[in-house]
Amino acid sequence: MALLTRRQCLAGLAAAGLAARAGTARAAPARIVCLEWTSAEMVVSLGATPIAVGDIRGYHDWVEGPALPQTTIDLGSRGEPNLELLGELRPDLIVGAYGYGLDESSFTGLAPTFNVPFYSGKAAPYAQAQEVTLQLGDLLGRGGEAHDLVERIEASIAQARATIEQKPRKPLCVVSMFDDRHVRVYGAGSLLQDVLDRLGLVNAWTGATSGWGFSTVGIEELVAVGDAQLISLDPIPQHVRIRIARSSLWANLPCVRNGEVRSIPPVWPFGGLAAAGRFATFVAGMS
Amino acid sequence: MIASALPLTRPGSGLWMLVLLVAVPAGLALVLTTIDLMHLLPRALWWPAIKAPDTSDPAQLLYRYAFLPRVAVSLLAGAALGLAGVIMQHVLRNPLAEPTTIGTNAGASLALAAATLYAPWLLESGREAIALAGGALATAAVFALARGRSFSPVSIIIAGLIVSLTFGSASALLMALNREYTEELFIWQSGSLVQNGDAAAVSLAPWLLAGICAAFLLWRPLRLLDLSDDGATALGARPVLIRLAGMGVAVALSAMVVAETGVIGFVALAAPALASLAGARTLGRRMIWSPLVGAALLWLTDRLVQHLPFATEVPAGTATAMLGAPLLLFLLPLLRVGPEGQADVISSARPSATGRRLIAGLVLLILAGVVAIGFGRGVAGWHWIWSADLTQLLALRGPRVTVALSAGVLLAIAGTLMQRMTGNPMAAPEVLGISGGASFGVLALLFISAGFDRTAMLGASLVGALLALAIVVVVASRNALSPQRLLLAGVAVATVASALAALLLASGDPRMDFLLAWLSGSTYRATSADAVTAATVAAIVLALAPLTARWLDILPLGETAARGLGLRLGQVRAVLLALTALATATATLVIGPLSFVGLMAPHLARMLGLRRAVPQLLGSAIAGGLILVAADWAGRTLIFPWQVPAGLIAAFVGGPYFMMLMWKGRQ
């Protein structure tokens, strides 16, 4: 019930926002530039087409969906999106998340900016993703699409939950694998944790996490998750896959011995609603 | 030159000091290990679980495949590094020689980075071969460069520095362009001893054994290196061959450690130093004791880091650097550094037509500035600025070019001052520890806070720079700011900073994109305020530096001459140090802790025949500005719309150029 109330509350907020903006009757920005992947994912999910996105190859490999249009221009690295190119593209709106090292003031001189304030430590990432999606939809003149998106993701999470509830599930442990001795494990404060909560699943990793909701730990720490189901996010480099299979510690981890290791397609752990929806669907689809 | 082979002298310490040196850390480590074990597994199972562990019991699984291998690897790696360090320091007659200072680690890193990105199938069977090939190649390059000078200690260290900087910037370049694909490398670089089975221990053990056998066989020939090369030759030895054999063993040992665990700094430096200090005065004794010291130290360190209260693992490599650097600072007063002499690494042109050369340089600099501001790339390809949006591009490029120019000038002057003051051609602002201190401040801020605030960052950077300077000056001041001690203290501070950087990079913190860019000297975030600050300070320093010309002309003649000519060394050095600190701190604040420019620019000026203080200062300033302006322009345009930090380009292009000069000038 709490869920419904929050949704109504958000809808109400967004409606208020819409009403306030309607008075100014500003044209929706058409030339949108996204500095990094989280904002790109949100803009594309709302049905808008960004003209340029930072590090497109990386987006394909680590975010995967929703797909960027073929015509999207590469802005350069996410750490240093090319300002000269950005200026030349004459955007109406620059969307970006700044918490990882960009400074919003670098961009304010070029076009209006919209900050995707993720992982500020103030709110749970999923609720924040909903809120930011509604704000962004409002700004892009796509308030309706934003509402639809929020509802659609809620619905697919609910559907995933229904699938999951059909048979009992073990606790889950979600990791990214980077080498054969360490994993990045997602826990409290992460978007994935929020989705697990909504799916009625237990996160087997209860250890400490950084402000971004993950921790890089040695694989021996995975003993602590016991007989959980281990979910690893793609992509995993082939040589890491091969070498980790040779590790006697890995081979004897309870989850590995019980055959409880699953790979799922890429989910951007610092993403927005689309990432949350992808994660829920993939988890529900696992055997 | 013979003096530096035996740098540590303390009378009257016997065997018991050495025993204590090993027994105290080993005893502590044993206590910690036992306590950890008692928490992990009932004592009755300790023995049976080695032979036949019941892997369905998590405690036994951890004990057998994580806990024991980790203890074993820490001991093996520590011993291997201790042995490698002794041999390197003996062969190179240099108490600072270790795998990091002579290029081995940088070579292994670059090879692994390239393999991870472009030929990952090479890594399927392990990293050993790749690391060994890269480490050996880099060390061979260092030797080739230093060969013409009969491997003189100074030329080896300089060649090692150049090769490390070049290889290091190539790795950084690969990593910066493939940010999300190199997480494995960041973890590996931080030197983690986490184990996932017996593999690392099993492959390290035979190498260590082979290394010990080889060291035993080489013991007699190596001792001959205590003599001068002529003396050794007279006795029928071939010093070059002995050196090559010794280095072969040391490089193989350190490359294996690097392959199995990553970069573990300072053990190879600290273990032999401590052993000498405790009384192991002969080579034979040092070869026996420093592997033991290294093993005990790494074992203890690795136990200690596991009790630290951080969410993210603190790798042993980071910790050894953190612990080792203060140790080095503590040791400095006891260290007798032999006179290094005026090693003129680079052959220089005849001094002539100073004025004409300076003017030609200035013209070149102005041309470079015009191109850097005016010529660039856009959606439709290359174009001049007046065919595009002039005001917008000026606003974007102006601060970047100004910051690059000012930082280049500042670092070049700082480098010239350092090199003239210390009489050491490898002196650079980074070596003074100021860049290291500045980055330490920023890193510490990032480590303790989750936020990202540029103002706070600038403050932290300044505080770090001043603190580092204070530490270095206090440590070095016992001998009227003796140049060699200053250098060593600076190296220690810089190493702590880079260890902290490695830790943060390995933690996968998303803010690391920024950190990477800043560490590699990017002008991307330059604001007009930065540009004004940097330009103002550059102008002030440029005006003040020539006032010290008389000192700078006298100081390279040596302390005795300087005193004889009436210089008050303490005061003179304090003034020069303050000037250097101002220049370096400002440059570090606006562009990052890059050092290659400060090293290279004074050499370029000297090569052009600008040998007296004022012409060298001016020539070096022009060269420094030119290098960074050109590097920044290339970084902005070459792989447009992607960008390469100016500092990386400067090192990546300047390094090979420098190597070529050394190669040509080697006869």
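General remarks:
- Of all DSSP beta bridges in the protein assembly as shown, antiparallel share, percent nearest 5: 40
- Entry note, chain A: the mean residue ellipticity at 222 nm calculated from DSSP H runs of n ≥ 4, each adding -39500 (n - 2.57), is -12500 deg cm²/dmol after division by the residues and rounding to the nearest 500.
- Ellipsoid semi-axes for segment A:205-283, based on the Cα gyration tensor and the rule √(5λ), read 22, 16, 13 Å when sorted largest first.
- Modelled this way, with points 7 Å down the Cα-to-C-beta line, the labels at B:Ile448 and B:Thr34 are 3.7 nm from one another.
- Relative contact order for chain B, counting Cα pairs under 8 Å that sit 6 or more residues apart, in percent: 19
- Length-normalised contact order of segment B:357-664 in % [C-alpha pairs under 8 Å, at least 6 apart]: 32
- Over segment B:27-103: Kirkwood hydrodynamic radius from C-alpha pairwise inverse distances, Å: 14.8
- Most fluctuating residue given options A:Ala275, A:Ala162, A:Ala40, as computed from a GNM of chain A linking Cα atoms under 10 Å: A:Ala162
- Rounded to 10°, Cα long-axis angle of helix B:613-637 versus longest principal axis of chain B: 80
- ³J(HN,Hα), Karplus 6.51/-1.76/1.60, whole Hz, each residue of segment A:208-214, x for Gly, Pro: 5, 10, 6, x, 9, x, 9
- The Cβ shell under 13 Å around A:Gly65 holds other residues with a net charge of -3, Lys and Arg each +1, Asp and Glu each -1.
- For chain A, a Gaussian network of Cα nodes joined below 10 Å ranks A:Gly277, A:Gly141, A:Gly211 by mean-square fluctuation, and the top entry is A:Gly211.
- Note on chain A: GNM, Cα springs under 10 Å; of A:Ala123, A:Ala160, A:Ala276, the largest mean-square fluctuation is that of A:Ala123.
- Screening chain A for whole DSSP H helices of 15 Å or more along their axis (Cα) with average Kyte-Doolittle hydropathy at least 0.5 returns A:2-22, A:273-285.
- Degrees between helix B:239-261 axis and first principal axis of chain B (Cα, 0 to 90, nearest 10): 80
- Shown is the FRET efficiency for B:Leu244 and B:Ala114, computed with R0 = 30 Å from the Cβ-Cβ distance and rounded to the nearest 0.05: 0.70.
- Cα-based radius of gyration of the protein assembly as shown once divided by 2.2 N^0.38 Å, which approximates compact folds: 0.98
- Gain on full extension, evaluated as 0.36 nm per residue between B:Ala395 and B:Ala561 minus their Cα-Cα distance, stands at 54.6 nm.
- Packing rank of A:245-254, A:181-190, where each peptide gets the mean count of other beta carbons within 10 Å, highest leading: A:181-190, A:245-254
- Relative to its residue count, chain B spans a Cα convex hull of 161 Å³ per residue.
- Considering only B:Gly361, B:Ile448, B:Leu515, the residue lying farthest towards the positive end of the dipole of segment B:357-664 is B:Gly361, judged by Cα position with unit charges set on Cβ.
- Principal-axis tilt of helix B:454-476 within chain B, Cα atoms, nearest 10 degrees: 70
- Cα-centred dipole magnitude for segment B:50-181, charges only on beta-carbon of K, R (+1) and D, E (-1), debye, nearest 20: 400
- Computed from backbone phi with θ = phi - 60° and the Karplus coefficients 6.51, -1.76 and 1.60, the 3J(HN,Hα) list for segment B:117-124 is 7, 10, 9, x, 4, 5, 8, 4 Hz; x is used for glycine and proline.
- Label sites at B:Leu466 and A:Lys167, each approximated as a point 7 angstrom past Cα along Cα to Cβ, lie 6.6 nm apart.
- The calculated FRET efficiency for B:Val474 paired with A:Ala28, based on their beta-carbon distance and R0 = 51 Å, is about 0.25.
- Once the Cβ-Cβ distance of A:Ala188 and B:Arg568 is raised to the sixth power relative to R0 = 60 Å, the FRET efficiency obtained is 0.45.
- Here the simple spin-label model places points 7 Å from the Cα toward Cβ, and for A:Ala208 and B:Arg147 these points are separated by 5.2 nm.
- Fraction of the pair-distance distribution of segment B:59-156 above 20 Å, Cα-Cα pairs, percent: 52
- Difference of contour (0.36 nm per residue) and Cα-Cα distance, A:Ala123 to A:Ile236: 37.6 nm
- Segment B:592-667 - Debye-derived log10 I(q)/I(0), Cα point model, q = 0.11, 0.13, 0.17, 0.28 Å⁻¹: -0.31, -0.42, -0.68, -1.23
- Cα shape, segment B:527-667, gyration tensor, a/c 1.5 rule: oblate
- Chain A: Rg to Rh, with Rh as the Kirkwood radius over Cα pairs: 0.99
- Using the alpha carbons alone, the radius of gyration of segment B:357-664 stands to its Kirkwood radius in an Rg to Rh ratio of 0.98.
- Peptide B:634-645 - average C-beta neighbours from other chains (10 Å radius): 4
- Gyration tensor (alpha-carbon) shape descriptor, segment B:2-334, a/c threshold 1.5: oblate
- Where only DSSP H runs of four or more residues are counted, chain B gives -23500 deg cm²/dmol as its mean residue ellipticity at 222 nm, each run worth -39500 (n - 2.57).
Read-outs throughout are calculated quantities, based only on the coordinates presented, and are distinct from any laboratory measurement. Keep in mind that what you see is a predicted model, and the values were worked out from it rather than measured. Note that we place each Cβ from the backbone using ideal geometry, even for glycine, and neighbour counts take in every protein chain shown.
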